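What follows is a single structure, written as structure tokens, with notes after it.
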2 protein chains.
Amino acid sequence: MALKIVITGGAGFLGSSLARELLKRGTAAGPDGKPTEIRELMLVDLVPATVQDPRVRSVVVKELSRSALGAAFGRDTDSVFHLAAVVSAGAEADFDLGMTVNLDGIRNVLETCRTLPRPPRLVFTSSIAAFGGQLPAVVPDGQAVTPTNSYGAQKAIGELLVADFARKGFIDGRALRLPTIVVRPGRPNKAASSFASGIIREPLGGEDAICPISRETKIWILSPRRAVVALMTTHDLPAAAWGPRAALNLNGLTVTVGEMAASLARVAGAKVAARIKWQPDAALQTIVGGWPGEFDTQRARALGFTPDADMDAIIRAHIEDHLPGGVR
Amino acid sequence: MALKIVITGGAGFLGSSLARELLKRGTAAGPDGKPTEIRELMLVDLVPATVQDPRVRSVVVKELSRSALGAAFGRDTDSVFHLAAVVSAGAEADFDLGMTVNLDGIRNVLETCRTLPRPPRLVFTSSIAAFGGQLPAVVPDGQAVTPTNSYGAQKAIGELLVADFARKGFIDGRALRLPTIVVRPGRPNKAASSFASGIIREPLGGEDAICPISRETKIWILSPRRAVVALMTTHDLPAAAWGPRAALNLNGLTVTVGEMAASLARVAGAKVAARIKWQPDAALQTIVGGWPGEFDTQRARALGFTPDADMDAIIRAHIEDHLPGGVR
């Protein structure tokens, strides 16, 4: 047998990166837990997927409805990575859209999984946006979620649904709370965390970048490379190792925004780092400053997840992966 | 002005008790926070309400759909107590029914509240069933929920929805995690906690009661009287006092099952207590033993909530309220 894997949000940045790595590796854990050949990688999104490979099938859907998902999953889906989401500022600006995509979306994915002849593996990406407000300086694994935006609330609800569908045996489910992904390639998006990639990416590309957040603000980050590894590791871990608590605080790196700028100067030079323009934005500062900047991720470490070495390594990896012509 | 208050589950035991107390008091906090006359008490349920009063309107609905709720709420609802639910063993036996009533139910209540001209007060009853599995011996206020049954998962999801709808300003919402209510009047129900009332109620009424749970098991309880006071207090507290964390671990009393039996012997005599028949049930023991038996409820105490004095007082109150002819 060989695997059929579905990635929702498969045309997005993280979905595309994950697809490329899965295709490169060629295998993932099968129903018996052993590395099994990937036969088909179905990339479900609002727009056509860009990853090219004979094993890839791009499926364009208008919405994450049960009928659209049912048609895409068919009867033979073995694994699902559910990445499709409306990001934080987007879900905050359009409440109903966030509820539809982020809440009904995961519920419809779960109900569709439940109709399959064999409970599939499901990896659900949640976020540290599940946390906000008054929190311990270092957030432990057992900390209650306290979302202070709708995106975080919808992700936290998704985690509970994944856990309960898994407990019922409808799926083999795992939810992963990703740190802020830095450096995202491409253009800024509506996420409140968009600046964190922008202040590295734009200066490296020869453009100025506005930093609306103070130098002292701690953020909890993970590189795209490590995020993809974490997604694949989460998928492949045995259900018994994962345990009953579906949502995992993934281990990241704590850096201040000022340290990120200093790292950029070290790796790419002071001239590049000077392209960061510091323009405080009180509203964004409140949102980003409300996210926890440091976690004690005992469970993630015990499961074998590893964070990035340091900020310099993250920036060097971004240059390698996305700036073939070097820094401008 | 005078208030229109809706109670979903208004024909149930807790809904009826709450209705009677609200009618007796005659007032509740109005939009300005001041005690305001109750003009109409609408009791929404699957069956007609039993509470008789000129201010009561009984509304029978087939389901908690938006259309049914919209018709019941009208445009002039000031406050909603959302108590309607499928209990723990019921939601476990029929997953889809639990999702529909316990999850879609609160969502439809919230969306209906959102259509009102003024954001209503909403009190949502959640439960300590939101907790399960490996927990600290004494559960603190900031403990992450870890439901180990679908009822608990659905309640925990409801809490997150209430918090986010409140944060958005669609409602003035509060969620209350009730301890196990002891002594419930009436007959046993499908809740795994049903024994906790049964081992007091049935012996007092002259019947034997099976206790499937071991004497050493700690449970976290609250009397019906104090539950009703807590619901009214929750409703009346200013939003600023409640704060952004919607779900409150209400303070209860920690007792072992053995202490409950000893209390029954003290209050009603050894002959009555001998009607408890100890017949361990491993499946029920696993469920009930998985619930936390002790909490550190700093937040509830600071907000002015008070638990029952002791088990003896709980039993005496039950006799007063429900056994006018005395113990048999």
Exercise for review: Kindly check whether there is at least one residue in the range B:122-129 that is out of contact with any strand residue (DSSP E or B) (no Cβ under 6 Å at 6 or more places or on another chain), more than 10 Å from chain A (Cβ to nearest Cβ) and within 24 Å of B:Ile315 (Cα to Cα).
Suggested key: yes
Review point. On the given criteria, is A:Arg177 within 14 Å of chain B (Cβ to nearest Cβ), within 22 Å of A:Pro307 (Cβ to Cβ) and buried (at least 23 other Cβ atoms within 10 Å of the Cβ)?
Key: yes
Review point. Which one of these is buried (at least 19 other Cβ atoms within 10 Å of the Cβ) and of a type in the set (S, T, N, Q): A:Thr100, A:Thr125, A:Thr50?
Key: A:Thr125
**Study point:** Among the candidates B:Ala68, B:Ala93, B:Ala2, residue that is surrounded by fewer than 19 Cβ atoms within 10 Å (Cβ to Cβ), closer than 30 Å to B:Phe131 by Cβ and more than 16 Å from the chain's Cα centre (by Cα)
**Key:** B:Ala93
Check your understanding: Is it the case that the range A:89-112 has a residue that's more than 14 Å from chain B (Cβ to nearest Cβ) and free of Cβ contacts under 8 Å to residues at least 60 places away in the same chain?
Key -> yes
Review point. Are any of the residues in the range B:64-85 aliphatic (A, V, I, L, M), in contact (Cβ under 8 Å) with a residue 40 or more places away in the chain, touching a Pro at 6+ places or on another chain (Cβ under 6 Å) and within 27 Å of B:Arg184 (Cα to Cα)?
Key: yes
Review point. Of all residues in the range A:240-259, how many are within 20 Å of A:Val162 (Cα to Cα) and surrounded by fewer than 21 Cβ atoms within 10 Å (Cβ to Cβ)?
Key: 6
Review point. Say we look at the range B:147-174 and pick out the residues that are among the basic types (Lys, Arg) and touching a Phe, Trp or Tyr at 6+ places or on another chain (Cβ under 9 Å); which of these is nearest to the other protein chains (Cβ to nearest Cβ)?
Key: B:Lys168
Exercise for review: Search the range A:222-239 for residues being of a type in the set (D, E, K, R) and touching a Pro at 6+ places or on another chain (Cβ under 9 Å), and hand back the single one that is surrounded by the most Cβ atoms within 10 Å (Cβ to Cβ).
Suggested key: A:Arg226
Exercise for review: Return a yes/no flag: does the range B:131-146 have any residue that is on the phi < 0 side of the Ramachandran plot, more than 9 Å from chain A (Cβ to nearest Cβ) and of a type in the set (Val, Ile, Thr).
Suggested key: yes
Check your understanding: Exactly one of (1) surrounded by fewer than 22 Cβ atoms within 10 Å (Cβ to Cβ); (2) closer than 22 Å to B:Leu178 by Cα is unmet by B:Ser88. Its number?
Key -> (1)
Exercise for review: Count, please, the residues in the range A:1-50 that happen to be hydroxyl-bearing (Ser, Thr, Tyr) and either more than 22 Å from A:Asp172 (Cα to Cα) or out of contact with any Gly (no Cβ under 8 Å at 6 or more places or on another chain) (or both).
Suggested key: 4
Check your understanding: Somewhere in the range A:26-36, is a residue among the small types (Gly, Ala, Ser) and buried (at least 22 other Cβ atoms within 10 Å of the Cβ)?
Key -> no
Check your understanding: Regarding A:Ser197, is this residue in contact with a strand residue (DSSP E or B) (Cβ under 9 Å, 6 or more places away or on another chain), outside any loop (DSSP other than H, G, I, E, B) and either charged (D, E, K, R) or closer than 30 Å to A:Lys277 by Cβ (or both)?
Key -> yes
Practice item. Go through (1) within 12 Å of chain B (Cβ to nearest Cβ); (2) surrounded by fewer than 19 Cβ atoms within 10 Å (Cβ to Cβ); (3) at pLDDT 95 or above one by one and return the number of the condition A:Pro117 breaks. Key: (1)
Practice item. For the range B:298-308, enumerate the residues that are surrounded by 13 or more Cβ atoms within 10 Å (Cβ to Cβ) and either under 15 Å from B:Arg226 (Cα atoms) or without any contact (Cβ under 8 Å) to a residue 40 or more places away in the chain (or both). Key: B:Ala300, B:Leu303, B:Phe305, B:Pro307, B:Asp308
Revision key, fill the gap. Out of (1) on the phi > 0 side of the Ramachandran plot; (2) within 14 Å of chain A (Cβ to nearest Cβ); (3) small (Gly, Ala, Ser), the one B:Gly74 does not meet is (2)
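The values are calculated or read from the model by the stated rules, or taken from the named source; none is laboratory data. Given the structure is predicted, the values throughout are model-derived calculations rather than measurements. Methodologically, a virtual Cβ is constructed for each residue, glycine included, from the backbone with ideal geometry; neighbour enumeration extends over all protein chains shown.
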